[in-house]
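The values are calculated or read from the model by the stated rules, or taken from the named source; none is laboratory data. This is a predicted model, so every value here is computed, not measured. With ideal geometry, Cβ positions are generated from the backbone for all residues, glycine too; neighbour counts draw on all protein chains shown.
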Amino acid sequence: MRDRLQIDRKHPKVGTGGTRGARIGVQAAWLGHPVTVAALAVLIVNDRVLKPLWPGVVTGKLSDLVGMLVAPPLLALLAAYAARITGRVPPGDRTAAAAIALTGALFAWMKTTGIGAEAATRVWAVLVPPSRVVADPSDLLALPALAVAWLVWRRAARPAARDLRRARALVVLPVAVFAVTATSAVPASSSARAVEVRQGEIVVAVAPDGAVIATGDAGRSWHEWKGSPSPSPATRACVPAEPRRCYRLTPGRLRVEQTTDGGATWTVAWEISRGRQDWLDRAYENPDPFGEHSDRAASMAVAVQAVPGGHVVAVANGTDGVVLRDVSGRWRRLGFPEYDAERAPLSESAAAPLASPGERIGTELGVAVLVALAALLAALGTTAGARRWPVRFGICAAVMWTSVLLVVTADGPAGLVSLALFVPMFAAGAAGVLAVWLWSRPRWTRLLLAAPAAFAAVCLPFLGWSAGLPDDYGIAVLLAVLLCTVVLVVAVRAAVRARMRPRRERGLPVPPAR
């Protein structure tokens, strides 16, 4: 009996709380540690109470700081459960270190690159539909908190009070998941819907909160204005001292025209191209909790103010804020600050950039992934195994591609179902495709290069469009189609040559090329 007890201690069983259960238990103890629980409480209070009341740098950075303490235990617990399913149980220190490193790497990626922020936005949007992640390198100041997370792990890994922390983790786990997935919800973008001149000041009506602000120094400073704005904003206004000099708006465009001959001829005074206007519309498209979208970025109202030395023109541009023309004829875009409520309600530094490489093209990146996967599966379909079992390969390839399609198109609460279906579908499809391919005893083939080439063919034009070249979205679509066609033609020719090569090697006649 004593010998058997010694054997059981050396080789604990899963069913009796052995190594696998211990690994999960120690990760749960990390999540249930008082420091992690306190960070979780701060995260919920900050995001649910403090942010709506005092939005700004302090509450924004605080979320990132405590998030570095909550995210690693969640990832480590998930990894422990995955290890239990697969039967491979890595050491606890290795799992914790990997969770901390992954948290830091992903956080740095989404805060320093437009593509990372866009990818994080799409993932968060599945869990919290009105969500957006914005690249902000200053948020990397929260990364040193990962060192604190490691110290907490070392304390939690000690045997003392581990059982109590495991029990506490059962209560903390659902709360932690809720807190982490509920930090990115944001309201609809502010919109300048009306502008007029009242009592020597330029007055702007802001939606959706109904605020009315005014400036008496051509936009250098703003203050709250007491009063009701005009119910019918003007789309045409003239200079008081020069009635033949007027300004008008182009419906649906960010564009102002002017005339100096009473309307006989009009010329463009200021505009943003259609391509960049489409870009701004995509940047400001931000559903509120009720599913309503923000206003368009388009000129909605115009007002002219007489000042010493000339006149000032103010245009309400919806979500793009206000554009002002000073007495020298210079036009300035004034945007709404996104984070810092202590800044001016409108400022030139807050105006959204007209180009931002890699941002706002999440849908196009998803299409690029689908096209690249289709090219990869088509290349694998030329192997001997796929030709021997075409139906089996076709079904597995279709299931694999459809699983990725579910993730790419996942949006809103229904996206949770898509994510749940993705894992088993992708695993089953990929296993079948891999089995058929491995049966063919594959060698390196140039056809596999079709996948990265197809991804680049779709991605590069839209990456250029996000950077402003080309300016028009339609041209980017056309370039993507043309480049994909070139990749397809080259891949087909390479596949035909690869198919004919064995016949040449055996001295058999080769059918003439069509």
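Taking segment 409-514 as the region of interest, the helices (runs of 4 or more DSSP H) fully inside it that hold 2 or more residues being at pLDDT 85 or above and closer than 27 Å to GLY358 by Cβ are 450-466, 473-505. Among the residues of segment 207-249, those identified as at positive phi and touching a residue at least 40 places away in the same chain (Cβ under 8 Å) are ALA218, GLY219. Among the residues of segment 370-382, are any in a loop (DSSP other than H, G, I, E, B) and modelled with pLDDT of 85 or more? No.
For segment 293-307, the count of residues that are closer than 23 Å to ALA350 by Cβ and among the hydroxyl-bearing types (Ser, Thr, Tyr) is nonzero. Just to be sure before I move on: is PRO357 surrounded by fewer than 20 Cβ atoms within 10 Å (Cβ to Cβ) and out of contact with any Gly (no Cβ under 9 Å at 6 or more places or on another chain) in the structure I sent? Considered against the rule, which asks whether it is surrounded by fewer than 20 Cβ atoms within 10 Å (Cβ to Cβ) and out of contact with any Gly (no Cβ under 9 Å at 6 or more places or on another chain), PRO357 comes out as no.
Conditions (1) under 30 Å from TRP30 (Cα atoms); (2) at pLDDT 90 or above; (3) part of a strand (DSSP E or B), marked per residue:
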position: LEU164; (1), (2), (3): yes, no, no
position: ARG168; (1), (2), (3): yes, no, no
position: ALA176; (1), (2), (3): yes, no, no
position: VAL197; (1), (2), (3): no, yes, yes
position: ALA218; (1), (2), (3): no, no, no
position: SER221; (1), (2), (3): no, no, no
position: SER230; (1), (2), (3): no, no, no
position: ARG245; (1), (2), (3): no, yes, yes
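Kindly provide the set of residues from segment 98-114 that are out of contact with any Asp or Glu (no Cβ under 8 Å at 6 or more places or on another chain) and either buried (at least 16 other Cβ atoms within 10 Å of the Cβ) or free of Cβ contacts under 8 Å to residues at least 24 places away in the same chain (or both), ordered by number. ALA98, ALA99, ILE100, ALA101, THR103, GLY104, ALA105, LEU106, TRP109, MET110, THR113, listed by residue number.
Quick check: anything in segment 291-300 over 25 Å from VAL197 (Cα atoms) and modelled with pLDDT of 90 or more? For segment 291-300, residues over 25 Å from VAL197 (Cα atoms) and modelled with pLDDT of 90 or more: absent.
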